[in-house]
Structure formats: structure tokens, C-alpha cells
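Structure record follows, encoded as C-alpha cells.
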Protein chains: 2
Amino acid sequence: MTFNITILGSNSAIPTLKRNPTSQLINHNERLLLVDCAEGTQLQLRKFRIKMQRIHHIFISHLHGDHFFGLIGLISSMHLLGRIKELHIYGPPELKEILDLQLSVSQTELNYPLKFHPLEQEKKAVIYEDEKLSIETLPLNHRIPTCGFLFREKPGKRKIIRQKIKDLNIPAEKILEIKNGADFIDEEGNLHKNDSISTPPGESRTYAYCSDTSYFEPLIPMIKNVDLLYHEATFLHDKAEVAAEKFHATAKEAATIAKKANVKRLLIGHFSNRYDNPELLLDEAKEVFPSSELAMDGVTIEV
Amino acid sequence: MTFNITILGSNSAIPTLKRNPTSQLINHNERLLLVDCAEGTQLQLRKFRIKMQRIHHIFISHLHGDHFFGLIGLISSMHLLGRIKELHIYGPPELKEILDLQLSVSQTELNYPLKFHPLEQEKKAVIYEDEKLSIETLPLNHRIPTCGFLFREKPGKRKIIRQKIKDLNIPAEKILEIKNGADFIDEEGNLHKNDSISTPPGESRTYAYCSDTSYFEPLIPMIKNVDLLYHEATFLHDKAEVAAEKFHATAKEAATIAKKANVKRLLIGHFSNRYDNPELLLDEAKEVFPSSELAMDGVTIEV
């Protein structure tokens, strides 16, 4: 089942010709979810050939411009390009006010329903669920209320052992029950325990998105053992003081969180403009946590 | 004296990888003025190597997103990049509310003074003046209150004839008076009329920016004889009905306005996404008004 992340923007603060500010596209089982939406995100979607109308859920971590200034443009373009399908937006309550005001001054009545879901950034809560995925907020430590998002695959069904279907003459109508964990009684009345006729589902994968935040240890238990952690790494550690002042993290701090949370892989992004070459940040992160990668614009990472 | 227009966006409605929506940079005597500011304008400035901090005046024609969604991002980047010099914004009164709200939710206090000048779109009025240029609003006919802008150079001073300074022994302290139109009385008491000792100033150039608008004849007397007219040309004339419905103009209509207003040159822009090749629109305009040009992204046009 597809579960990957496409980086639409890896820069902090301001857009440059090489790196746009924060936005990510999560593809889970061909369901597209957008996380944050900096100015220019709609163009990044075009550039990386992702159909904007396939996005039905957008999650905004906080109301600094580099995480949401592109949202009103994306909403408008969806409208102008004839969207009729519902769009769900999850974000701080004030975001609705901002969107409403901009739609009202332009006398725009959207062709499609826009459902706004206000988030309480300071609370860990499940905010989204479908049959295959759930999403939780992760309270972060930033200058204004900010949350990350934990994408957690739901356990799939068990896999039936094909040979057993033949051997035990399992009828088609029993298959789903068995996949859901039921035992099976054959025609002769023999009980076959579920684990003798099926194998466990593949492991559920998890992705944690944590931006923006300072070095914040309370985050560690919330992201324990995740498969992939995106953690902001705005600065190199020689700027640790500046980072702390601005409620941002250094590459070393991101890696330390990854290590302490025992995650499988770390992805760093939200690079300050001062770094032309983010490899420096990657090197620093790898010293602490070797399984680190850069979240560069246009890159797709499998969870 | 420099007087040129750099096109930062030539598309209507939505940004594409080739054409950004509306924004233009006016360079008059090295004073940079920005007209409209679609999403992505700050990146266009970077792309065309224009220093954003040199802009001190921004004019917003109306509150459709493709003319202002990039403003808050530009304002924020100016702040983040350390601006301290005043920025003047001229636009519909609601624009201030939108900017204030977005700055307040992100708890941003700008490092520089932002002076907002509310415009009455439906009134022709001088809204800006410096020693060399004045700017007037041009009421247009669009779905929401919209105005264009007329940039009018102030007449320069008369040019003194060098030979006369020698011949008549004109003292230095009289030069400025003569340049301003004064006659001169020489040592022997003879009167020399101003036009016998000086020549008229170079002609004052004018640029009219008219977007967005339907075909709107009341505009004609307001832009009579201008040197350069930018007029939107969203559609080809086979879409004249759609254009009228949407309060937009066709290339033929733009050219008709240019012709009736006896302007020197016409610049068309605000092209609908449906036209991959705006040359079609240019051909249509040229049939009515041969001195027509395309306002393509990145092009600089001398007034």
C-alpha cells in the first residue's frame, strides 16, 4: 500500500528560487493529504505533477505565514478549476476567519463545500480517521500555538494461507471472517485456530511531522518508535541560542529527538536561508543519528 | 530619465509554471513602484533580480486573489529580511483588515512602518505625488470595485540655450528662474522673452494600467493620448460573451479602447489559462491597433 511523502517546500521563512517554504504531500493508499501550505504551494504541485483536485484534506500546523500563505490561493484555484468535491481543512480557529474574510471581499462563493475543522494545538487528539489511517495532533513548542501531526496506519487484515483454502475447502463467504481473525470449523467439525490458517497483517507504518518547534523533550514519548520522523532543523548547532530564541531547532537537536524517540528514520527540513547547502545540516544530524535524510523540494520519501 | 515597466505576471486567475498572475514593477527615475501583487510575486522579483527592499509604494487595483494574494508574503519577507524603511500601500479599505488580521494571528510586529492609504475605487483622484510623477486612479468596470492607475510624469524644466548664457552674460543665479519660465533683462535693460533664450522641456510621458475591466468606454477620455496603455485582454473575441459576463475584456476590445483613446502603444496581458500561446491574442489586437505588444513575464517595456 502506498505510503509516501513528497516534499513541496523545504525552506523556512521565505521562498527562494531553489527552495519553497513548508508544504508536504502525504500519499496514503492513493489518498492525498496536504500538510501546511506556504505561498507558492499550488505551483509546486504543478511542478511535481500532482493534481490539486485529488487533495481532500489539508492540515495546517500553525499560523506563521511560511506555513499557510498559499492556502487561500490553492482554495481559489480549486474553485476556478471547477472543483465540486468537498475540501476539509484542519487548522487553528483563526484560520477560518482569515479565509472567510478573503473570500468575502472578493465576493467569491466557492463551488464546493469547504469544511473547516478547528484544532486545539496544545492537545494531543485524533483529528482524522478513515478505514486505513488515523491522524493525531502533536503539541509542539513554538512562538505561537503549533502542532505536528502523527499519521498512523491502521492494522490491516490478516492474510489467509492460500493452500489452506484448498486443503480445508474454505468457502468464499468465510474468507473475510478469517481475515478479521475468526477461527474456522471444517465440514468434518474440526476447529482450525485462526493463526494456523492465516498470517499476521503487515506492520502498520507511522509518520510524524514536527514543524515548527524548539528542542522539546515532551515530544519524545508521543513519537516513540515511529518509522519516519520529519523534524525541523532550521539551524546548525552553532546557532543553538538563536534557534532557542526563535523557538526553532538545530540539526543536532532534531537528531537527538530522533535518537531518544528511537525512530527508524529522520527527515530534516525547514532550512534557514543562510544555508545554501543543506548537506551541512545533514552531516550534523548524522553524527547523532545516522539514518537521517534531507527533505529537499520535489523528493518523495517512502515511509 | 528611466521610465519602464517590468511584467512580473501576465496570467489571469491562477499561476502556471510559465505565467504568474498579475503584478508589474514601474521604475520611474529609479523609484520602484509595484502594481498588484499576485501569489508568487516575491519569487518573480527574485527571478528577475529586482531588490524587493527598493520598493516603497505598492498599489492594489482590487481584491480578487490574482491581484493581491502575494502581498502578505511580500510584506512578511520584507520584515524578515530586516527592512526598516516605510512601506506605503494603496488599496481598497478591506485590504488593511486582511493584512492586520494575518499579522496579528502570527503575532508579527513589523520592524518597519506600514502606511496604508485606502482608495475609493470608483473615483478618479490623484493618490500619489512626488517631484517627478503623479498617480491617479482610473475607475474601471469589474465585478467588484476596481481601479486602474495613471502614471503621469510631471513636466520637467525648460532647457536654457547655452549660447545665450554667453551672449547675454546671464548670471548663474538667474538660470533656475529662466528654466522655470522667467524672462531675462540684460545689463543694458533689454528684455529677452523666455522662449527666445530657452527651449521647452521634454515631453511628459504617461502610462495607464487598466486591469481588470470589461470593455468600458467611459475609460477612453481618462486615458486619451497616453504613451503606453496596459489593458487586460483575457480572451479572444470569440469569447466576447464570456468576457462580458465575467467583466473581462477581449484582445479586440482592448485594442478598440486603445484606438479610440488615441494612445501611442498598447500592452495586453491578463491572459486566460486557455491560451498556451498569447500570440493569438496579440494578432487579434494588432488587427485593430497595430502598435500592440504582449506583456509577457520578465519583459521590460520602456514607456
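Rule-based calculations on the coordinates, nothing more; no lab input. Fair warning: this is a prediction, and the values are worked out from it, not measured in the lab. No Cβ is skipped: glycine too gets one built from the backbone with ideal geometry, and neighbour counts run over all protein chains shown.
What to note about this one:
- Bridgeable lysines around A:K47 (alpha carbons under 17 Å apart, same-chain partners fewer than 8 residues away excluded): A:K18, B:K18, B:K47.
- The range A:227-291 and the range A:77-102 have Cα centres spaced 32 Å apart.
- Taking max minus min of the alpha-carbon positions on each principal axis, the range B:84-243 gives extents of 72, 49, 22 Å, largest first.
- Across the range A:159-199, C-alpha contacts under 8 Å between residues 6 or more apart give a mean separation that, scaled by the residue count, equals a relative contact order of 45 percent.
- Only Cα pairs under 8 Å and 6+ residues apart enter the sum, and on that basis the relative contact order of chain B stands at 16 percent.
- Angle between chain A longest axis and helix A:71-80 axis [Cα atoms, degrees, rounded to 10]: 70 degrees
- Choice from B:K123, B:K47, B:K174 showing the highest fluctuation, given a GNM over chain B with Cα pairs closer than 10 Å: B:K174
- The value for chain A of Rg(Cα) / (2.2 N^0.38 Å) is 1.14.
- In the elastic network of chain A, a GNM with C-alpha springs shorter than 10 Å, the most mobile of A:N225, A:N169, A:N27 is A:N169.
- 25 Å Cα-Cα reach of A:K179 towards lysines, excluding residues that sit fewer than 8 places from it in its own chain: A:K132, A:K154, A:K157, A:K159, A:K164, A:K166, A:K193
- Rg and Dmax [Cα atoms of the range B:1-86; Å; Rg one decimal, Dmax integer]: 12.2, 35
- Legend: translational diffusion of the range B:159-199 by Stokes-Einstein, Rh = Kirkwood radius over C-alpha pairs, 10 °C, 1.306 mPa s; D = 161 µm²/s.
- Reciprocal mean inverse distance between Cα atoms of the range A:171-303 - Kirkwood radius, Å: 17.1 Å
- Residues A:Y112, A:Y207, B:Y215, sorted so that the one with the fewest Cβ neighbours within 10 Å comes first: A:Y112, B:Y215, A:Y207
- Charge tally for B:I170 (other residues, Cβ to Cβ under 12 Å; Lys, Arg +1; Asp, Glu -1): -1.
- Once the Cα atoms are used to define both axes, helix A:279-288 deviates from the longest principal axis of chain A by about 50 degrees.
- Helix axis angle, A:251-260 relative to chain A longest principal axis, alpha carbon, degrees: 30 degrees
- Three-way shape label, the protein assembly as shown, alpha-carbon gyration tensor, a/c 1.5: prolate
- Across the range A:74-170 the C-alpha pair distances fall into 10 Å bins from zero in the proportions 13, 29, 25, 15, 9, 7, 2 percent.
- Rounded to the nearest 500, the 222 nm mean residue ellipticity of chain A from helices alone is -6500 deg cm²/dmol, with -39,500 (n - 2.57) taken per DSSP H run of at least 4 residues.
- Structural descriptor for the range A:45-186: relative contact order 17 percent, calculated from alpha carbon pairs under 8 angstrom and at least 6 residues apart.
- Each of A:T41, A:T199 has some number of other Cβ atoms within 10 Å of its Cβ, and from fewest to most they run A:T199, A:T41.
- Just checking the listed ones, B:E39, B:E173, B:E30: in the Gaussian network model of chain B with Cα springs under 10 Å, the one fluctuating most is B:E173.
- Mean partner shielding of peptide B:136-148, defined as the number of other chain Cβ atoms within 10 Å of each residue Cβ, is 1.
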